[in-house]
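The values are calculated or read from the model by the stated rules, or taken from the named source; none is laboratory data. Because the structure is a prediction, the values reported are computed rather than measured. Virtual Cβ from ideal backbone geometry, glycine too; neighbours counted across all protein chains shown. What goes into the accessible areas is simple: the full protein's heavy atoms, side chains included, and nothing from ligands, DNA or RNA. Shrake-Rupley method; radii C 1.70, N 1.55, O 1.52, S 1.80 Å.
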Amino acid sequence: MGGIRIVFSKRGTFIPGSGSQTKRERILPRLMSLLALCIVLCFAAFVFSAAPEKHLAVYSTVANYSLPIVQRQGQDYIGLLELLDPLGTVSAKSDPPHWRLHYNNVLGEFIVGKSRARVQGRDADLSGTFLMENGRGLIPLASLNSLLPRFIGGPATLHEESNRLFIGNIATHFTASVAPNDPSRLVFHFTAPVNPSIASEPGNLRLTFRREPLTAPASPMLTFNSKTIPSADYSENNGAAEISVTTNTPLLATFSSDGRTITLAPAKSPPAVAGTGATAAPSSTTTGASTATAANPVAAPPPPVTVSSSVPRRYFAIVDASHGGNDRGEALSSTLAEKDITVAFARRLRQELESRGITTLVLRDSDANLSLDDRAYFANTTHAAIYIALHAASNGHGVRIYTALIPYTGEEDRGPFRSWTTAQSSSIPLSRATASSVAAELRKLQVVVRNLTAPIRPLNNITTAAIAVEVAPPATDLSMLTAPDYQQLIAGAVANGVVAIRAQLGAAP
């Protein structure tokens, strides 16, 4: 059988060789088709490999982990057993079309093709139909906000647009402000240790948080009275949170020893290399505290700023989350303790106050033991203008605001010393004015509110304006206490009440 010889000239022109013309005409189109198919397959492989697989980032007190998200019926779906497995004891039994899941002592029952499930005998609506693949139960991702709390007995908040799920009061909050004595330095304070990756480019520095449950401030766009660092922007995407800082000069990032404070400051130019007159350019990327400075190591970074700075920060407001540690407070439910609700409210209230220009300190920002005398001592030594204690309750509805009821002890203040049990006496009028201002803001939002007086410690021991805010659910559903919208509503109203009377509070001795 005769062969076919294909020869290409330098210009790539086909030169006929030996063999019949008919065979060439038959084979060449096949070769071209095969080549075209290879190009299409390679392009498709490139496109599909370039598309990132979607994952759900899960944050909890037990574990932080990631799960794959699958697309079904035009929606995002997640495996329910895989989601609950790191959180507790879980098992599932498949008996098509039924699928039953036990999580700890909670039973969930699902039916393939149905958009309604039953959890502990109560109906639960899904945002799409339940699916089962190879015995694996899949639920719509958008159903997690309503379904998960029934299994875990506590709050679960899904950030659907960024595929981030927060289980319990796990969120890390932050504030950002320029240093009072140096507006070219931007200081971030976080409620828990963080270790973001840091990348810089002309006009911008990005802090990316992939492992930390960082949440948005009251406003995602932050502006500062600084020519060097005019603004910062918070965003979430693909299971991560990011703070993008706008700057007109290269910045260095330094971390405090406890990982809760990050300071950004202009990079100092390193000494010129001898004989060249050139300076080394700062590096563009770092990966956290272990490489905290985003510049050439020759540059001298500014000292890290920590909470325990030798120059104490002056706070206008002190927010105190009641209970903590061994003191759980009221058992709001079998799984929900008052101490957890109050610390969540305290962090949210700090954000609301800071966003209104009120410098704020949270006395208890973790599950720590803090005595009543310690709380009063710390509040009094900071010389803040207002002290706000936070409580939570399962009985009643709305909010109760307390001011101190001073007991008669027969003790008198002597010289510069005040009686511990009646230290609040001279501040009672201002405390009641503050309580009235906060109550007025709550009523504007149709929140049921009552103003009361009671001999509540440590209110009696505080030497400045002091109130206690006790938050109950708006109706009979206790889970509302953990709902971000309800917490935001109450915290915003309290902050507005403080702002409305700020001039009086600031003028107090």
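Solvent-accessible surface of protein heavy atoms, probed at 1.4 angstrom with all chains present, puts ASP76, ASP320, ASP327 in the order ASP327, ASP76, ASP320, largest first. Taking label positions 7 Å along the Cα-Cβ direction at both SER371 and ASN237, the computed distance is 5.2 nm, reported to one decimal.
Note on GLN120 and ASP95: the extension gain reaches 7.1 nm, defined as 0.36 nm multiplied by sequence separation minus the Cα-Cα distance. Classified by the C-alpha gyration tensor, segment 426-502 has a prolate form. Its axis ratio a/c, with a ≥ b ≥ c, is 1.5 or above, and a/b is larger than b/c.
Our estimate of slack between MET221 and SER66, defined as 0.36 nm per intervening residue step minus the Cα-Cα distance, is 53.0 nm.
Here's the list of aspartates and glutamates a cross-link from LYS227 could span, going by alpha-carbon distance under 19 Å and ignoring same-chain residues fewer than 8 apart: ASP182, GLU201. Using C-alpha pairs below 8 Å separated by at least 6 residues, the relative contact order for segment 167-245 is 29 percent. Between the amide H of ALA267 and those of LEU251, LEU252, distances stay under 5 Å, these residues lying 5 or more places away or on another chain, with hydrogens modeled in the peptide plane.
Quick check on segment 352-500: take the gyration tensor over C-alpha atoms, sort the square-rooted eigenvalues as a ≥ b ≥ c, and tell me if it's rounded (a/c under 1.5), prolate or oblate. It comes out prolate by the Cα gyration axes. What does the C-alpha gyration tensor say about the overall shape of segment 56-163? Classify as rounded when a/c is under 1.5, otherwise prolate if a/b is larger than b/c, or oblate. Rounded, because the longest to shortest axis ratio a/c is under 1.5. Put the Cα centre of segment 331-399 next to the Cα centre of segment 240-267 and the gap is 28 Å. Taken about its Cα centre, segment 159-267 carries a charge dipole of roughly 220 debye when the Cβ of each Lys and Arg holds +1 and the Cβ of each Asp and Glu holds -1.
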